[in-house]
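Asks: First, the structure itself, so that you have it in front of you.
What follows draws every value from the coordinates through simple rules; no lab data is involved. Here the structure is a predicted model, which means the values were calculated and not measured. Every residue, glycine as well, gets a Cβ built from its backbone with ideal geometry; the counts of neighbours run over all protein chains shown.
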Amino acid sequence: MVTRFIDEPITVHVSKEFKPTAFIWRKRLYRVIDILYWWREPAEWWNGEAVSLLIRVNAECRSQGTYELRRGSSGWYLHRMLD
């Protein structure tokens, strides 16, 4: 599996249960088909960093792909694309 590091800001739409249902990246809407798993990554709290939540999803725009979404203290980011 090949991963591409992106780390660009995105807009994420979430359900009532706070699960991502879609995200907008580079003016395109990606619909979340499946949440594969999620985890938290520790941060350097002594430098004021917050813990990040990462969610790996299958999503579809023109074709289906796997993406990692990251929620940090400053918002949502498309962290990685997986091929």
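Asks: Can you find a residue in the stretch 11-19 that is hydrophobic (A, V, I, L, M, F, W, C) and part of a loop (DSSP other than H, G, I, E, B)?
Replies: Checked against the condition, which is being hydrophobic (A, V, I, L, M, F, W, C) and part of a loop (DSSP other than H, G, I, E, B), the stretch 11-19 yields at least one hit.
Asks: Could you say which residue among 59, 43 is free of Cβ contacts under 8 Å to residues at least 40 places away in the same chain and farther than 15 Å from residue 79 by Cα?
Replies: 43
Asks: Can you work out which of the residues in the stretch 22-74 that are buried (at least 16 other Cβ atoms within 10 Å of the Cβ) and of a type in the set (Lys, Arg) is farthest from residue 9 (Cα to Cα)?
Replies: 56
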